[in-house]
Amino acid sequence: MVGTKGFAPLTSSMSKKRSTPELSARFRILYYLLSPTSAKLRSSVYLGAHVSISGGFDKCLDRIVNLGGNCLMTFASPPRTLKTKNFSAAEIADYLRKKAEYKLGPHFFHASYLINLASESSAYVKASIASVIYYQRLAGTINAQGTILHIGSHKGQGLTATINQIVASVNYILDSSPKGIKLILENTAGQGGTVGVTFEELSEIIKRVGDRSKIGICLDTQHAFASGYQLGTALERFDRQIGLKFLSVIHLNDSATDFASRRDRHANLGEGKIGLENLRDFIDKCKSATKICPPLILEVPGDNHTGPRKTDLDILKSLAN
Ligand SMILES: [Zn+2]
């Protein structure tokens, strides 16, 4: 817990001061961290982070509790392969018992980074589909929300050339997914011809999906910023082009690269080009635009790319409270 002794709570006049350019990013982070609410989860919004399952599947739950989050995202297999991993009944039972004990909220899976539903190789598409179905079935077993997916890359061919194949693959995955388990498509920064760089592209795919009750969208703030969406108006545009009812989860990240750079490089909150004020404003807008603000999940590098730290969760809490 961050000590608050000797520091006044944030007042509206201090909030104004906070946005003045002469305050360094580091100093502003300190102010957010020293807010009296920062170490508590007073927000009704679920706040969490991407954590590892290494050392045992249930260890992800200990990790998110140690960070101070109440929801989480994990892989379910090595992320840079399409290999799947079988968990024993005892491992699943340990996970379920511990999750109930900790009273944790939603668990999202993130699919392997190697998935490509737009690949020219039908064997590769089949392997990608099999990997995602494995994730979806495991999500059903552990009562997770579903799988967040980078759709893949059309490698410059454009969405039109690949959309039939993508939609057929998505429909196949949905037909093979347990009831109530969502396939959650993530917007991308746009590098290397990745599909989902605009809300129009995601909307085109969703419109053609058979069972839309099983489809969701993950909005990544770094990807949105890098693909040319100002965060101040991103949700309005999302609502017009896709519909906020599809917004299942938010990856809340700062950006190490410039606006519209089309480069996927996450930064710790307050240490990137988006900045704390814009992230806070985005969360405020999300809370007022949605009946229930979707879970906010950090995918930030932490120290030396070891992943989100307790400090990062504390900053997130102070932004969301
Ligand atoms: Zn993301």
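Read-outs throughout are calculated quantities, based only on the coordinates presented, and are distinct from any laboratory measurement. These figures come from a predicted structure and were not determined experimentally. With ideal geometry, Cβ positions are generated from the backbone for all residues, glycine too; neighbour counts draw on all protein chains shown.
So if I restrict to the alpha-carbon atoms in the range 65-137, what is the Rg, and what is Dmax, the biggest pairwise distance, in Å?
14.8, 46
Regarding the range 188-235, what whole-number volume in Å³ per residue does the convex hull of its Cα atoms give? Intermediate results must be reported in sequence, preceding the final value.
Values: hull volume 3.7 nm³, N = 48.
For the range 188-235, the hull spanned by Cα atoms encloses 78 Å³ per residue.
Arrange the peptides 222-235, 44-57, 155-168 so that the one whose residues have, on average, the most other Cβ atoms within 10 Å appears first. Mind dumping the intermediate values first?
Numbers: 222-235: 20.9, 44-57: 18.9, 155-168: 15.3.
Peptide ranking by packing, descending: 222-235, 44-57, 155-168.
Using alpha carbon centroids, what distance separates the range 248-275 and the range 86-136, in Å?
25
Which of the listed residues, SER227, ILE250, ILE205, is farthest toward the dipole's positive end in the range 170-321, when Lys, Arg count +1 and Asp, Glu count -1 at the beta-carbon?
Of the options given, the answer is ILE205.
What percent does the relative contact order of the chain come to when contacts are Cα pairs within less than 8 Å and at least six residues apart?
Values: 637 pairs, mean separation 60.0, N = 321.
Here the relative contact order equals 19 percent.
I'd like the chymotrypsin sites (Phe, Trp or Tyr not before Pro) in the range 86-117 restricted to DSSP loop residues with at most 13 other Cβ atoms within 10 Å, sorted by number.
Values: sites: PHE87, TYR95, TYR102, PHE108, PHE109, TYR113; in loops: PHE87, TYR113.
Here the sparse-neighbourhood loop sites are TYR113.
Considering all projection directions equally, how large on average is the shadow of the alpha-carbon convex hull of the range 229-274, in square nanometres?
Numbers: hull surface 14.0 nm².
Hull-based average projected area comes out at 3.5 nm².
Return, for the Cα atoms of the range 213-299, the radius of gyration and Dmax in Å, separated by a comma.
Cα radius of gyration and Dmax of the range 213-299 are 12.1, 37 Å respectively.
Could you rank the peptides 203-216, 246-259 by their average count of other C-beta atoms within 10 Å per residue, with the highest value first?
On the way: 203-216: 16.5, 246-259: 22.3.
Sorting 203-216, 246-259 by mean packing, highest first, produces 246-259, 203-216.
For the range 230-308, which trypsin sites (Lys or Arg not before Pro) are both in a DSSP coil and crowded by at most 13 other Cβ atoms within 10 Å?
Details: sites: ARG237, ARG240, LYS245, ARG262, ARG263, ARG265, LYS273, ARG280, LYS285, LYS287, LYS291; in loops: ARG262, ARG263, ARG265, LYS273, LYS291.
Taking the range 230-308 and a limit of 13 other Cβ atoms within 10 Å, the loop trypsin sites (Lys or Arg not before Pro) found are LYS291.
Each residue of the range 301-318 in order: what ³J(HN,Hα) in whole Hz does its phi give by Karplus 6.51 cos²θ - 1.76 cosθ + 1.60, θ = phi - 60°, with x for Gly and Pro?
x, x, 8, 6, 6, 8, x, x, 10, 4, 4, 5, 5, 4, 5, 4, 4, 5
Over the Cα atoms of the range 149-284, what radius of gyration and what Dmax do you get, in Å?
When restricted to Cα atoms, the range 149-284 yields Rg and Dmax of 14.8, 42 Å.
Between the range 139-156 and the range 195-212, how many Å separate their Cα centres?
14
Which values, in whole Å and largest first, are the semi-axes of the equivalent ellipsoid of the chain obtained as the square root of 5 times each eigenvalue of the Cα gyration tensor?
On the way: eigenvalues 207, 115, 54 Å².
Taking √(5λ) for each Cα gyration eigenvalue gives 32, 24, 16 Å.
Divide by every residue of the chain the summed helix terms, -39500 (n - 2.57) for each DSSP H run of at least 4, and state the resulting mean residue ellipticity at 222 nm, rounded to the nearest 500 deg cm²/dmol. Intermediate results must be reported in sequence, preceding the final value.
Values: 11 runs with 127 residues, N = 321.
My calculation for the chain gives -12000 deg cm²/dmol from helical runs alone.
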